[in-house]
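Everything on this sheet refers to the single structure shown next.
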Amino acid sequence: MLQIAVLISGGGSNLQTLIDRSKDDENCGFKIITVIADREASGLIRAENAGLETLLIDRKAGSENLSNEISKILQGKADCIVLAGFLSILDSSFIDEWKNRILNIHPSLLPDFGGKGMYGMNVHKAVISSGTKRSGCTVHYVDTGIDTGEIISQLSLSVHESWDAEQLQKEVLKLEHQLLPETVSLLSEKWEK
């Protein structure tokens, strides 16, 4: 069984889908061993309610210190890391240490609408402003760029003309909740080898 650490910064709805999948499907291939937040986050309450170990590491310590602290905690404990709404940038040595073992979920069809400043509602506002007809979400490996890692999986939807950014966010989040646990389950066999 793959031992995963989930890193969060907010409410943890994607974390909840991983919790639910691991509890409802004994053959999912993964187990959440710890949840780490870089700021006070209500997602930590979700994790505590599920009986998971939780840790808060202050992002204000700087990315190198944050990355070092996470590395110390996870060394010999986790097989891989899932970023589920984690907003801090991890330093390059940490990413190299965990190469091809860190996943991120992003609320657009990368490579479109990714990069610096493209997170949360900023992504959905940019999609609506652009007039694009399709959006969705992407699970990708984390590399030293921002949203530039190899794409693993995507789900898409049609953007309705009547939607604003808030409606698009709701619809894309439904896809995220489907795609993330499915992708982690599919990759668990590969990562265990």
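The values are calculated or read from the model by the stated rules, or taken from the named source; none is laboratory data. What you are looking at is a predicted structure, and each value in this text was computed from that prediction instead of being measured. A quick note on method: Cβ atoms are made from the backbone with ideal geometry, for glycine too, and the neighbour counts reach across all protein chains shown.
Summary of values
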| item | result |
| --- | --- |
| From the options Gly62, Gly12, Gly43, residue that is on the phi > 0 side of the Ramachandran plot and at pLDDT 90 or above | Gly12 |
| Candidates Ile151, Ile73, filtered to the one that is in contact with a Ser or Thr (Cβ under 9 Å, 6 or more places away or on another chain), of a type outside the set (Gly, Ala, Ser) and under 14 Å from Ala5 (Cα atoms) | Ile73 |
| Single residue of region 34-57 satisfying the filter (out of contact with any helix residue (DSSP H, G or I) (no Cβ under 6 Å at 6 or more places or on another chain) and of a type in the set (Asp, Glu)) that is nearest to Asp20 (Cα to Cα) | Glu48 |
| All positions within region 157-193 that are without any contact (Cβ under 8 Å) to a residue 60 or more places away in the chain and surrounded by 15 or more Cβ atoms within 10 Å (Cβ to Cβ) | Leu157, Val159, Trp163, Ala165, Leu168, Glu171, Leu175, Glu182 |
| So Gly85, is it at positive phi, surrounded by fewer than 16 Cβ atoms within 10 Å (Cβ to Cβ) and either without any contact (Cβ under 8 Å) to a residue 40 or more places away in the chain or touching a Gly at 6+ places or on another chain (Cβ under 8 Å) (or both) | no |
| Val127 being free of Cβ contacts under 8 Å to residues at least 40 places away in the same chain, in contact with a Ser or Thr (Cβ under 6 Å, 6 or more places away or on another chain) and among the aliphatic types (A, V, I, L, M) | no |
| Filtered residue count, region 145-177, keeping only those that are farther than 16 Å from Gly85 by Cβ and either part of a helix (DSSP H, G or I) or not β-branched (Val, Ile, Thr) (or both) | 19 |
| Thr54 vs. criteria touching a Pro at 6+ places or on another chain (Cβ under 6 Å) and surrounded by fewer than 22 Cβ atoms within 10 Å (Cβ to Cβ) | no |
| Filtered residues of region 91-144 (kept if of a type in the set (S, T, N, Q) and not in a loop (DSSP other than H, G, I, E, B)) | Ser92, Ser93, Asn104, Asn122, Ser129, Ser130, Ser135, Thr138 |
